[in-house]
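The values are calculated or read from the model by the stated rules, or taken from the named source; none is laboratory data. These figures come from a predicted structure and were not determined experimentally. Note: ideal-geometry Cβ built from the backbone for every residue, glycine included; neighbour counts use all protein chains shown. Each accessible area value is taken on the protein alone, full model and side chains, heavy atoms only, with ligands, DNA and RNA left out. Shrake-Rupley method; radii C 1.70, N 1.55, O 1.52, S 1.80 Å.
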Amino acid sequence: MLTPAENDLLCRVEGDAPMGQMMRRYWLPALLTEEVPEPDCDPVRVRLLGENLVAFRDSEGHVGLMAEQCPHRKASLFFGRNEEGGLRCLYHGWKFGVDGQCLDMSSEPPESGLCAKVRHKAYPVEEAGGVIWTYMGPAAEQPGFERPVFAPSEGTRVSILKIVSQCNWAQGLEGGIDSAHSSSLHSTDMPAARVAGSTATGTAWARPTTDKSPHLQVHETDYGFRYAAIRRPIQNSATHDYIRVTTFLAPFHIMIPPNNVYNVYQMSVPVDDHANIIYLIAWSDTTAGVDLEAWRKFTGTQFGVDLDRTYRKLENLSNNFGQDRQAMKLGSFTGIKGFPNQDIAMQESMGPIADRTSEKLGASDQAIVQFRRTMLQAVRDFQAGKKPPGLGVRASDYPGYGSWERVVPKTTDWRTFEPFGVKLAAK
Ligand code: FES
Ligand SMILES: [Fe+2]
């Protein structure tokens, strides 16, 4: 439970809000590479931390990310022409390069020299792992760019789904670290599997447990925290535990335990106070994994079928997420198709900013409580002049993977047991 002031401090990111100001110190996912796939392609709108931006790829292949409103008289550059090395405003023809420099100003006499003096607000960008990243903070504080943990090398197989969700980023984030909900909300998609070994078999998401009330243990780290959700396995429950370790990396990254085939990573990126973008990433450093089309089909995030071209869901709160009560009678737990859709249905149903002042939290909400504690402490420290946590974390810090799931003997200490050779520092 939070006070109204704490809830605002955690959730609000627009303008001068401290959380938004702190997030500006990180490299942030702005859009997917697939949205600006080739030189001179269509520009796209981007909204991040309450700021309206436009992204485009120039004739040379460089990506620009600049304020959407033209500096001349504020027409939207989204409607602009992307050609010959820049984005040209339709209204009076001012043209800008990816760095925001005005390149042409046909409406003014050349001798005015105004063109050379106009530099539009543009943010630096980097491309890695199928994502275009940007830094929106003060230039003097700009950290070096590090490859994302989910794409340690160019060769990593990465499949990303993107969904715009009409609720605050913290709701999306809390959904990702809430281990207990899977046993109910996703029980139709992630059934228990009757296996004795270390991993479940059957579907990729099958689990070797029917235990719906995990016991949680938290381990604070300097980049955020990890937690173990400990459940009774179907077999050998007297001597073994089924453990799922989830890692939270500030400000909004979650390493979800892998399934049998690929690793999973989530980012809940604030669009503004009332919307966030969920990126759910399946990745593998081997030839295993899942291809993009299969990933989006499995998760119900295909263009034209589930999403429009701006990654907004066709089934949403306005049509009750297509919930099928008849399907529920026939065995579906939710009547809602696709597990991201199930998640977002619950998250959006809490309202644009969930009221955390009157919740009734239980033992299984320990990770949620830790997330709030970690981020509230981080933002207070930031206001006091300290460096935000998790800045500069490198993919090479995770030589295997920061999260895991396994049936292990009860004598195992999950905090030091790293089945993939990962070594993560404690606080
Ligand atoms: S408003 Fe863009 S050139 Fe005039
Ligand atoms: Fe979920």
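Only residues that are in contact (Cβ under 8 Å) with a residue 40 or more places away in the chain, open to solvent by less than 30 Å² (accessible area, probe 1.4 Å) and either under 26 Å from the mean Cα position of the chain (by Cα) or within 15 Å of ligand 1 (Cβ to nearest atom) (or both): list them for the stretch 57-73, please. Hits for the stretch 57-73 are Val63, Gly64, Leu65, Met66, Ala67, Cys70. When Glu359, Glu293 are checked against the criterion of being without any contact (Cβ under 8 Å) to a residue 12 or more places away in the chain and in the same structural domain as Ala180 (by TED's automatic domain parsing), a single residue qualifies: Glu293. Going through the stretch 261-294 one residue at a time, which ones are touching a strand residue (DSSP E or B) at 6+ places or on another chain (Cβ under 6 Å), open to solvent by less than 60 Å² (accessible area, probe 1.4 Å) and under 14 Å from Thr156 (Cβ atoms)? Those that are touching a strand residue (DSSP E or B) at 6+ places or on another chain (Cβ under 6 Å), open to solvent by less than 60 Å² (accessible area, probe 1.4 Å) and under 14 Å from Thr156 (Cβ atoms): Tyr262, Asn263, Val264, Tyr265, Ile281, Ala282, Trp283, Ser284, Gly289, Val290.
Looking only at the stretch 89-107, residues that are near ligand 1 (Cβ under 8 Å from one of its atoms) and of a type in the set (Gly, Ala, Ser) come to 2 in all.
A quick yes/no check of all residues on (1) surrounded by 17 or more Cβ atoms within 10 Å (Cβ to Cβ); (2) closer than 22 Å to Gly390 by Cβ:
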{"residue": "Ala17", "(1), (2)": "yes, yes"}
{"residue": "Pro29", "(1), (2)": "yes, yes"}
{"residue": "Glu34", "(1), (2)": "no, no"}
{"residue": "Glu38", "(1), (2)": "no, no"}
{"residue": "Pro43", "(1), (2)": "yes, no"}
{"residue": "Leu48", "(1), (2)": "yes, yes"}
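Residue count for the stretch 1-51, restricted to those that are within 13 Å of Met136 (Cα to Cα) and small (Gly, Ala, Ser): 4. The strands (runs of 3 or more DSSP E) found entirely in the stretch 111-187 that carry 1 or more residues being free of Cβ contacts under 8 Å to residues at least 24 places away in the same chain, open to solvent by less than 50 Å² (accessible area, probe 1.4 Å) and not assigned by TED's automatic domain parsing to the domain that holds Phe248 are 125-128.
Rundown of residues vs (1) more than 14 Å from Arg226 (Cβ to Cβ); (2) open to solvent by less than 20 Å² (accessible area, probe 1.4 Å), yes/no style:
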{"site": "Ala327", "(1), (2)": "yes, no"}
{"site": "Phe339", "(1), (2)": "yes, yes"}
{"site": "Ile353", "(1), (2)": "yes, no"}
{"site": "Ser358", "(1), (2)": "yes, no"}
{"site": "Ala363", "(1), (2)": "yes, no"}
{"site": "Arg372", "(1), (2)": "yes, yes"}
{"site": "Arg380", "(1), (2)": "yes, no"}
{"site": "Ser403", "(1), (2)": "no, yes"}
{"site": "Glu418", "(1), (2)": "no, no"}
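All but one of (1) within 12 Å of ligand 1 (Cβ to nearest atom); (2) more than 27 Å from the chain's Cα centre (by Cα) hold for Gly86; which doesn't? So the condition that Gly86 fails would be (1). What about Ser76, is it free of Cβ contacts under 8 Å to residues at least 60 places away in the same chain, in contact with a Cys (Cβ under 8 Å, 6 or more places away or on another chain) and surrounded by fewer than 22 Cβ atoms within 10 Å (Cβ to Cβ)? It is true that Ser76 is free of Cβ contacts under 8 Å to residues at least 60 places away in the same chain, in contact with a Cys (Cβ under 8 Å, 6 or more places away or on another chain) and surrounded by fewer than 22 Cβ atoms within 10 Å (Cβ to Cβ). Taking first residues from the stretch 83-108 that are in contact (Cβ under 8 Å) with a residue 60 or more places away in the chain and of a type in the set (A, V, I, L, M, F, W, C) and partners that are more than 16 Å from ligand 2 (Cβ to nearest atom) and open to solvent by 20 Å² or more (accessible area, probe 1.4 Å), no Cβ contact under 9 Å between residues at least 6 apart in sequence or on separate chains turns up.
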